[in-house]
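Visitor: Starting off with a structure, shown below.
The values are calculated or read from the model by the stated rules, or taken from the named source; none is laboratory data. All values reported here derive from a predicted model rather than from experimental measurement. Note that each Cβ is placed from the backbone with ideal geometry, even for glycine, and that neighbours are counted across all protein chains shown.
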Amino acid sequence: MSYPYQITSYEGYQEAWKKSVEDPEGFWGEVASHFQWKKPWDRVLDWNFKEPSVQWFKGAQLNITENCIDRHLADKANQPAIIWEPNDPNDHHRMLTYAQLHTKVNQFANVLKNNGVKKGDRVCIYMGMIPELAIAVLGCARIGAIHSVIFGGFSAQSIADRLQDANAEFIITCDGAFRGAKDIPLKNVIDDALISCKFVKRVIVYTHTRSAVSMIKGRDVWWEDEVRKVETAGNPDCPAETMDAEDPLFILYTSGSTGKPKGVVHTCGGYMVYTNYTFVNVFQYKPQEIHFCTADIGWITGHSYIVYGPLSAGATSLMFEGIPTFPDAGRFWDIIDKFKVNILYTAPTAIRSLMAFGLGPLQNKDLSSLRVLGTVGEPINEEAWLWYDEHIGKRKCPIVDTWWQTETGGVLISNLAGITPSKPSYATLPMPGVQPLLVDEKGVEITDNNVTGNLCIKSPWPATLRTTYGDHERCRTNYFATYENLYFTGDGAYRDENGFYRITGRVDDVLNVSGHRIGTAEVENAINMHAGVVESAVVGYPHDVKGQGIYAFVIYSGTHGDEDMTRRDITATVSRIIGPIAKPDKIQLVSGLPKTRSGKIMRRILRKIAENELDNIGDTSTLLDPAVVEEIKRGKV
């Protein structure tokens, strides 16, 4: 399959972007015509950002799995769709061809049906990074069930919150997962979550780590047993459910500036077209190439650039179960050498952590198959960009620095590999169909270059989020109400003299830790649940590896004499409530917090202290007790 919509020159990019802005319906209608639809659309685009209401390919019908699997069977049946590399390099890797993936997705779709799952039902997936996770996702999509994948590092409480919000009555999990030297007891965590979620009807458990688990009669079933039933019935095919282009495909929870996670909803048609288009163009994908995205499918990057983008393009997608430093810091390079990987897409956090090990782990590793490098999740600093370029790409591989979000579904701003210019630490130019602009605090557009402002988008792209599940008003207030008729990204950006964008970080109360968004309110809520905590305030600070670290200022009333033990107890509380991903890097016990007379915590001051800008605190005269600032400065950890 060739990609008639693949951009092949800088002039071609400029032409595509111009057409996409002047005639979005003509532009995206042409791109979408290359997919398989059960019924064509009545109208390409209908939108307003006030409500907000965004509809793409209105009236069209499709099933995304037919575009990701079935249509490739004619010419790619024996090509690997997914290559899986296990956590332990001594274990066997697995390859699933498009034909094998088709069989397994059909089987599992029938398993879901046999267990009472119907179109529109929400299915929570909490699994390790194994092929069955992708099969579960596609199986849901095959029958029109809405999947909600939860990252395997989240706690029972976090899972329960998400199950309750989505009213998900079905769960797919594993007995456990391997991650580096750790065994993660996934089924046990699910069991803890279900204590407060009695509405769950069925838990399907895949055997992976062979760890002992509790199986409750009438609720819990083994994946393997259920597949055997389908095989015995002799009817492995499962016709793909007809879906409206605007039917929900999945819910993915993301942290916000309030304590409650938001369920971002993406729909079938526009999301499919956009993830495919961005995959093909950003990475300049060529048929038969091996694309290695190191993300977890529990995050949007894994949804879009391990599963839906690559598979809809007929690509070979490599999944990795482990971490880059296990059993040693050469693991990524071993995988690239072993499978002759062509595209590596990873996070700046991973690059920075591997830089710290020096060049030893790269010795005797053949990286010559690499053609394109990419980064995702957070802005990449120049030092990491240059190391990546020199030592991994050997200065022959373009680096695509992609900026996007859970809410955007796919890449919004990035250079196109080898086609448009790159610049270290800059995402550079918008994708066709994306119209970024910078505004000041009052929402007035800043039209000059060499300026910083708040990054907004002025019109929809096909993978625009449609709503936040069960709470459309929250979607409106979070993304569309800050500035009139604009989608507000929550990020600040700098635009240089060439119109290239560099993302400068969050401007709201959300941290970007190792490329994962964590709401400060969510962490504060967890800390405040610890018995001795009176109040807390959480801010970000620069972290050499993670990009941003979590710094917690905590008022503690307990009689615990051992401060280190108190910090460990607070950390354990956060791990229990949210998961290890949200553990504070630094906890400072304080007697008070800087507050205005109306009781508002001045996080601006705490940020300055956390960032070690102790002589640049600013005006403290409006505080209720300015002396508390000096005390916090003296006690900085």
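Visitor: Within region 110-130, can one find any residue that is touching a helix residue (DSSP H, G or I) at 6+ places or on another chain (Cβ under 8 Å), touching a residue at least 40 places away in the same chain (Cβ under 8 Å) and among the acidic types (Asp, Glu)?
Guide: No, that holds for no residue.
Visitor: Name the single residue that is surrounded by the most Cβ atoms within 10 Å (Cβ to Cβ) among those in region 371-396 being out of contact with any Pro (no Cβ under 7 Å at 6 or more places or on another chain) and more than 22 Å from Ala356 (Cβ to Cβ).
Guide: Arg371
Visitor: What's the total number of residues in region 166-187 that are of a type outside the set (A, V, I, L, M, F, W, C), under 22 Å from Pro86 (Cα atoms) and surrounded by fewer than 20 Cβ atoms within 10 Å (Cβ to Cβ)? Break it down into steps so the answer makes sense when it comes.
Guide: Filtering region 166-187 down to residues of a type outside the set (A, V, I, L, M, F, W, C) leaves 167, 169, 173, 175-176, 179-180, 182-183, 185, 187.
Subset that is under 22 Å from Pro86 (Cα atoms): 173, 175-176, 179-180, 182-183, 185, 187.
Right, trim to surrounded by fewer than 20 Cβ atoms within 10 Å (Cβ to Cβ) and you get 179-180, 182-183, 185.
Here the count works out to 5.
Visitor: Just a yes or no: is a residue in region 318-327 among the β-branched types (Val, Ile, Thr) and either crowded, with 21+ Cβ neighbours inside 10 Å or in contact with a Pro (Cβ under 6 Å, 6 or more places away or on another chain) (or both)? Let's see the steps before the verdict.
Guide: Of the residues in region 318-327, the ones among the β-branched types (Val, Ile, Thr) are 323, 325.
Still in the list and also either crowded, with 21+ Cβ neighbours inside 10 Å or in contact with a Pro (Cβ under 6 Å, 6 or more places away or on another chain) (or both): none.
Checking region 318-327: not a single residue is among the β-branched types (Val, Ile, Thr) and either crowded, with 21+ Cβ neighbours inside 10 Å or in contact with a Pro (Cβ under 6 Å, 6 or more places away or on another chain) (or both).
Visitor: Can you tell me which residue is surrounded by the fewest Cβ atoms within 10 Å (Cβ to Cβ) among those in region 397-413 that are among the β-branched types (Val, Ile, Thr) and touching a helix residue (DSSP H, G or I) at 6+ places or on another chain (Cβ under 9 Å)? Explain how you work it out, then say what you get.
Guide: Quick first cut of region 397-413, residues among the β-branched types (Val, Ile, Thr) only: 399-400, 402, 406, 408, 411, 413.
Keeping just the survivors that are touching a helix residue (DSSP H, G or I) at 6+ places or on another chain (Cβ under 9 Å) gives 399-400, 402, 406, 408, 411.
Working: Ile399: 21, Val400: 27, Thr402: 24, Thr406: 19, Thr408: 25, Val411: 32.
Residue satisfying both the conditions and the ranking: Thr406.
Visitor: Hey, among the residues in region 161-206 that are among the small types (Gly, Ala, Ser) and at pLDDT below 95, which one's farthest from Met127 (Cα to Cα)? Full working, then the answer.
Guide: Filtering region 161-206 down to residues among the small types (Gly, Ala, Ser) leaves 166, 168, 176-177, 180-181, 193, 196.
From what's left, at pLDDT below 95: 180-181.
Values: Gly180: 15, Ala181: 17 Å.
Out of the qualifying residues, it is Ala181.
Visitor: Quick one: count up the residues across region 161-206 that are assigned to a loop (DSSP other than H, G, I, E, B) and of a type in the set (Asp, Glu). Outline the logic, then answer.
Guide: Kept after step one, since they are assigned to a loop (DSSP other than H, G, I, E, B), are these residues of region 161-206: 167-169, 175-176, 180-181, 185, 195-201.
Those left that are additionally of a type in the set (Asp, Glu): 169, 175.
So the count comes out to 2.
Visitor: Among the residues of region 424-448, how many are out of contact with any helix residue (DSSP H, G or I) (no Cβ under 9 Å at 6 or more places or on another chain), surrounded by fewer than 17 Cβ atoms within 10 Å (Cβ to Cβ) and either among the hydrophobic types (A, V, I, L, M, F, W, C) or closer than 18 Å to Asp496 by Cα (or both)? Step through it out loud before you land on a result.
Guide: Pass one, region 424-448, residues out of contact with any helix residue (DSSP H, G or I) (no Cβ under 9 Å at 6 or more places or on another chain): 426-428, 436-448.
So of that shortlist, the ones also surrounded by fewer than 17 Cβ atoms within 10 Å (Cβ to Cβ) come out as 440-448.
So of that shortlist, the ones also either among the hydrophobic types (A, V, I, L, M, F, W, C) or closer than 18 Å to Asp496 by Cα (or both) come out as 440, 444-448.
Qualifying residue count for the region: 6.
Visitor: Go through region 208-222 and give me each residue that's more than 17 Å from Leu112 (Cα to Cα) and either touching a strand residue (DSSP E or B) at 6+ places or on another chain (Cβ under 9 Å) or in the same structural domain as Ile577 (by TED's automatic domain parsing) (or both).
Guide: His208, Thr209, Ser211, Val213, Ser214, Met215, Ile216
Visitor: Select from region 83-126 the residues that are within 30 Å of Leu194 (Cβ to Cβ) and of a type in the set (Val, Ile, Thr) and list them in ascending order.
Guide: Scanning region 83-126 gives Val105, Val111, Val117, Val123, Ile125.
Visitor: Residues of region 141-158 being touching a strand residue (DSSP E or B) at 6+ places or on another chain (Cβ under 9 Å) and either assigned to a loop (DSSP other than H, G, I, E, B) or more than 16 Å from Lys262 (Cβ to Cβ) (or both), which ones?
Guide: Of the residues in region 141-158, the ones touching a strand residue (DSSP E or B) at 6+ places or on another chain (Cβ under 9 Å) are 141, 144-154, 158.
Listed by number, the residues that qualify are Ala141, Gly144, Ala145, His147, Ile150, Phe151, Gly152, Gly153, Phe154.
Visitor: Since Thr468 meets every condition but one in (1) buried (at least 19 other Cβ atoms within 10 Å of the Cβ); (2) closer than 22 Å to Val400 by Cα; (3) modelled with pLDDT of 95 or more, which condition does it not meet?
Guide: (2)
Visitor: Those residues that are under 30 Å from the mean Cα position of the chain (by Cα) and outside any strand (DSSP E or B), I need them from region 531-545; list them, please.
Guide: Narrowing region 531-545 to residues under 30 Å from the mean Cα position of the chain (by Cα): 536-545.
Within region 531-545, Asp544, Val545 qualify.
Visitor: Now, a different point. Suppose we filter Ala141, Ala177 for residues that are in contact (Cβ under 8 Å) with a residue 24 or more places away in the chain, over 16 Å from Lys201 (Cβ atoms), assigned by TED's automatic domain parsing to the domain that holds Met272 and under 19 Å from the mean Cα position of the chain (by Cα); which single one remains? Working first, answer last.
Guide: Values: Ala177 fails: under 19 Å from the mean Cα position of the chain (by Cα).
Unique residue meeting the criteria: Ala141.
Visitor: Does at least one position in region 286-296 carry a residue that is more than 26 Å from Pro361 (Cα to Cα) and acidic (Asp, Glu)? Let's see the steps before the verdict.
Guide: Taking region 286-296 first, the residues more than 26 Å from Pro361 (Cα to Cα) are 286-288.
Keeping just the survivors that are acidic (Asp, Glu) gives none.
Scanning region 286-296 turns up no residue that is more than 26 Å from Pro361 (Cα to Cα) and acidic (Asp, Glu).
Visitor: Any residue in region 42-67 that's more than 29 Å from Asn478 (Cα to Cα): show its pairings with residues that are polar (S, T, N, Q) at Cβ separation under 6 Å, as long as the two are six or more apart or on different chains.
Guide: Pairs that qualify, where the first residue is more than 29 Å from Asn478 (Cα to Cα) and the partner is polar (S, T, N, Q), are Gln61/Thr242; Glu66/Gln36; Asn67/Gln36; Asn67/Ser312.
Visitor: Across region 554-595, what is the total count of residues that are in contact with a strand residue (DSSP E or B) (Cβ under 9 Å, 6 or more places away or on another chain) and on the phi > 0 side of the Ramachandran plot?
Guide: 0
Visitor: Kindly establish whether Glu441 is in a helix (DSSP H, G or I) and out of contact with any Leu (no Cβ under 8 Å at 6 or more places or on another chain).
Guide: Values: in a helix (DSSP H, G or I): no; out of contact with any Leu (no Cβ under 8 Å at 6 or more places or on another chain): yes.
Against the criterion (in a helix (DSSP H, G or I) and out of contact with any Leu (no Cβ under 8 Å at 6 or more places or on another chain)), Glu441 does not qualify.
Visitor: Those residues that are in contact with a Gly (Cβ under 6 Å, 6 or more places away or on another chain) and in contact (Cβ under 8 Å) with a residue 40 or more places away in the chain, I need them from region 513-534; list them, please.
Guide: Taking region 513-534 first, the residues in contact with a Gly (Cβ under 6 Å, 6 or more places away or on another chain) are 515, 519, 521-522, 525, 532.
Selection gives Gly515, Gly519, Ala521, Glu522, Asn525.
Condition check ((1) surrounded by fewer than 20 Cβ atoms within 10 Å (Cβ to Cβ); (2) of a type in the set (S, T, N, Q); (3) closer than 15 Å to Gly377 by Cα; (4) in contact with a helix residue (DSSP H, G or I) (Cβ under 6 Å, 6 or more places away or on another chain)) across all residues:
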residue: Val513; (1), (2), (3), (4): no, no, yes, no
residue: Thr520; (1), (2), (3), (4): no, yes, no, no
residue: Asn525; (1), (2), (3), (4): yes, yes, no, no
residue: Ala531; (1), (2), (3), (4): yes, no, no, no
residue: Pro542; (1), (2), (3), (4): yes, no, no, no
residue: Ile550; (1), (2), (3), (4): no, no, no, no
residue: Gly558; (1), (2), (3), (4): yes, no, no, no
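Visitor: Can you spot a residue in region 292-304 that is among the hydroxyl-bearing types (Ser, Thr, Tyr), more than 19 Å from Cys397 (Cβ to Cβ) and out of contact with any Asp or Glu (no Cβ under 8 Å at 6 or more places or on another chain)? Walk me through how you get there before you give the answer.
Guide: Applying the first criterion (among the hydroxyl-bearing types (Ser, Thr, Tyr)) to region 292-304 yields 294, 301, 304.
Those left that are additionally more than 19 Å from Cys397 (Cβ to Cβ): 301, 304.
Cutting the leftovers down to out of contact with any Asp or Glu (no Cβ under 8 Å at 6 or more places or on another chain) gives us 301, 304.
For region 292-304, residues among the hydroxyl-bearing types (Ser, Thr, Tyr), more than 19 Å from Cys397 (Cβ to Cβ) and out of contact with any Asp or Glu (no Cβ under 8 Å at 6 or more places or on another chain): present.
Visitor: Within region 117-136, is even one residue small (Gly, Ala, Ser) and more than 25 Å from the chain's Cα centre (by Cα)?
Guide: Checked against the condition, which is being small (Gly, Ala, Ser) and more than 25 Å from the chain's Cα centre (by Cα), region 117-136 yields no hits at all.
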